Amino acid sequence: MWTPQKSRDFIDPSVLASLAGMPLMARRPMRGTVSGRHTSPTRGSSVEFAQYRKYVPGDDLRRLDWRAHGRSDRYYVKEFEADTNLRCCLVVDTSGSMEFGTVPEKSNDVLSKKVITKLQYARRIAAAIGYLAVGQGDAVGLSCAAEGIVKHLPALRNPSHLRAIFDALEEIKGVGQTHLVEVLHEIAETTRQGAMIIVMSDFFVDPNELRACFEHLRFRKHDLSLFHLLDPMELNFSFGRPTRFLDMEGGTAIFAEPSEIADRYQQALKEYLDNLNDIVKQTGVDYHRVSLDEPYQEVLTRFLTRRATARGVR
């Protein structure tokens, strides 16, 4: 497997080594370009038997099952599963809100004064998934989304392409407003059918608008996964004194007493998360809600394990 030569703070070799034995599997048949480990929607040659079908003129005579012919006096052809590679498209939200974070960074299990932001967490997840995909012969691409697609690298299988992915991840900054809905519709149309699309975002948009995106991606036969990144402060709203709340995407600031708005905030958050949960279940999205105080290695282990037990079937 290709090994990154340049030291980057969002790549932990020990984490990559611990995940290396876990395959990144698609949940549905993929349309690749070469032989690989993922189920294909077409039939081909492999060791895994799929089904019998009646012989038609032009079929390869070597695939005739003569035992079945002896039993039924009819000609049947054996079909086998075809395995292929996949195209993994990483989508990282780079809007201004992704620069928020309050969880102290850990170095050798020692807390530092630095905090980890949503964007830094997204970098780590994207880099690890890209590394695993390239290592198993799959193609990886990257799209950075804010007010549009601000950076795009097409999915390629070349291991050296992974360096370009890492370079792009290292350079991105959280700036501007979230136009994630428009970006996901664009990706659904411009990405060839049957890709694995993995989105890392805080999803600060109306869940009802996301429903149409998810249905669009599903219609285009994409395998969609979401990493919903939230800071513990956003989930707990544990502010102890009057606070000036800034809109990191350019809106107006609000000065408020947290105790007076905490109940309404928690109710609005619950309604938002419940609505989003209903939508991802109805649209068949692989959804992972992540708190930034959770080690990303554990998040990825859970993600890969779930996929390995839910490999795509026809």
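As a proxy for reagent exposure, ranking Ile165, Ile254 by other Cβ atoms within 10 Å from fewest up yields Ile254, Ile165.
Taking amide hydrogens as placed 1.01 Å from N in the peptide plane, the amide H of Glu105 sits under 5 Å from those of Ser112, Lys114, Val115, Ile116, each at least 5 positions away in sequence or on another chain. The residues packed around Val92, meaning those with a beta-carbon under 13 Å from its beta-carbon, carry a net charge of 0 if Lys and Arg are +1 and Asp and Glu are -1. Dimensions of the range 120-221 based on its C-alpha atoms, expressed as ranges along the principal axes with the largest first, amount to 38, 31, 18 Å. Work out the FRET efficiency for Glu215 and Asp59 from their Cβ-Cβ distance, taking R0 = 41 Å, and round it to the nearest 0.05. Given R0 = 41 Å and the Cβ-Cβ separation, E is 0.60.
For Lys106 and Ala20, the FRET efficiency from 1/(1 + (r/R0)^6), where r spans their Cβ atoms and R0 equals 25 Å, is about 0.65.
Each label was represented as a point 7 Å from its Cα along the Cα-to-Cβ direction; for Glu260 and Arg67 these points are 8.0 nm apart.
Readers should treat all values here as calculations from the given coordinates under stated rules, not as data from a laboratory. What you are looking at is a predicted structure, and each value in this text was computed from that prediction instead of being measured. So basically every Cβ, Gly included, is an ideal-geometry build from the backbone, and we count neighbours across all protein chains shown.
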